[in-house]
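Just so you know, all these numbers are worked out from the coordinates, no wet-lab data involved. These numbers come from a predicted model, not from an experiment. Don't worry about glycine lacking a Cβ; one is built from the backbone with ideal geometry, like all the others, and counts go over all protein chains shown.
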Amino acid sequence: MGTRGHHKIILNVDGSVLNNSEKTEYGGLIHKHDGSFLRGFLGSVGISNTLHVEIQALLTGRKLCWEARYRKFVCFSDSLHVVVSLYFRQATINATN
């Protein structure tokens, strides 16, 4: 089974860097498996790069899920760099334990 209320929770995140890093924004949606909206968020990190903004979106979304007591959720991101980095970091952590 899933989490709170036995529903699968989904976190969608994205980040954006425009005009040579002068404008950065990130955001995301937390919703149930059937698309029912639970919460949204957005923010800015000032002058930065794409990887930083994408990671900030993921960290913010994860924090909000945790605060809402959603301990298990699926996260979707269009940043292959972030996904691969997290995958290999987890694989390395698992290998050393």
**OP:** Report the net charge of residues surrounding S16, where surrounding means a beta-carbon distance below 11 angstrom and charges are Lys +1, Arg +1, Asp -1, Glu -1.
**Re:** -3
Original post:
Once both labels are modelled 7 Å past Cα along the beta-carbon direction, what's the K32-S16 spacing in nm?
Top reply: 2.9
Subject >> Fully extended contour minus Cα-Cα distance, from K8 to L42, at 0.36 nm per residue >> reply: 10.0 nm
Original post:
Between K63 and F76, what length comes free when the chain is fully extended (0.36 nm per residue of separation minus the Cα-Cα distance, one decimal in nm)?
Top reply: 3.2 nm
